[in-house]
Each structure stands twice: as C-alpha cells, then as structure tokens.
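**Q** Below is a structure I'd like to ask you about.
The values are calculated or read from the model by the stated rules, or taken from the named source; none is laboratory data. The shown structure was predicted, so the numbers you read here are calculated from the model rather than taken from an experiment. Please note: Cβ atoms are built from the backbone with ideal geometry, for glycine as well, and neighbour counts cover all protein chains shown.
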Amino acid sequence: MMRQITLSPYLFHKACAKAKDQQQPLPNYKDYVNSSPKFKYVMGCIASAFAWHKKTSTKPGGHVIYMNVGTEYFPLLKQYLVKELGLKENQVGIVIGGMSKGAKETAKNRFLSGDILVLIGSSTISVGVDLQTNATTGYNCYYDWNPTDAAQIEGRIWRQGNRFAARKVEP
C-alpha cells in the first residue's frame, strides 16, 4: 500500500478505503495528474517532446507509460493527454489485463505504425510485446521490486533495430 503513494495519493486513498470496505470515487483527470509529481513530470516530458517535433516539423515517435497498478485510472491519464496536451483520442492507447488478445495486438500494431503516439500499459505489455520499432521513450512510473521485471519493461522499447534513439525514464 505504501508504494502506491509514491505514484499517486489517489491509489493510497483507494487502498485505505478498500481496507475499510468503502468506495473511493474517481478523481477528475486534472486532479489525478496534478497530485502526482511523477505524472506531472511524465506529461511535461511528453508535451516537451511533441512541442519539439512540431517546431522542427518532424514526425514524433511513440511514448510508452508503464505502471502495474491503478489500471482503473488509466483513462484519466488518457483524458489528460487529450484535453491538456492536445492529442486526439485515437492517438492514445491503453493496454491492460482482461483485454482480448486481438485488442492488444491491434493497439500494438497501431503504436508500431505511428497511429498511437502514447501507449499506457500495465504488466500486460512487460513480456513479449515488441514496441521498439516506433518507441522513443519509456516511462516506468511504478518500478517493480524484481530487477528482471524492470529489464523486461526496458526491453519493450530498447532493442537493436530501433528506428529512434530510445530513452528510459524512471520518474
């Protein structure tokens, strides 16, 4: 429970409410991002990268946001990217457990083709999902305890054959 507060106070409050058998309402997208230094940093990095590409008239590569908790809040991150950073709905993808294999594959292929510019994923993308062709930056927002798991996450975007120089960010 305490690790979750390092990502977002909302995850901690949700865990506390669950322990007391209470419901925790979803925050609005701005509060969710602005309450987390990690999310604010990630969104700032993404905004900066897209501003640079716009200024230089170059096509942006893809950004991958990874965390293995709070998947029910992923739509809030997507909403922030759309409403505050100006991405289109179809330029932000979400991949989490419980999705069909076909839906995951479609999201992956749309990311690799450049249709999806930001992919938000849980542990579902940590093994066997190759995103390196179009990935420029991976944000590991919830560092797993096991170093092997972290290496798997890095391996989604950082491999031979990358079209772009890949960066890993651990806010």
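**Q** Yes or no: Asp130 surrounded by 15 or more Cβ atoms within 10 Å (Cβ to Cβ) and over 12 Å from the mean Cα position of the chain (by Cα)?
**A** Judged against the criteria, Asp130 is not a match.
Every residue, every condition in (1) without any contact (Cβ under 8 Å) to a residue 24 or more places away in the chain; (2) surrounded by 14 or more Cβ atoms within 10 Å (Cβ to Cβ), yes or no:
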site: Lys38; (1), (2): no, yes
site: Met43; (1), (2): no, yes
site: Lys55; (1), (2): yes, no
site: His63; (1), (2): no, yes
site: Val69; (1), (2): no, yes
site: Lys83; (1), (2): no, no
site: Lys104; (1), (2): no, yes
site: Ala107; (1), (2): yes, yes
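**Q** Here's a follow-up. Tell me the helices (runs of 4 or more DSSP H) entirely within the range 33-143 that contain at least 2 residues that are at pLDDT 95 or above.
**A** 37-56, 74-83
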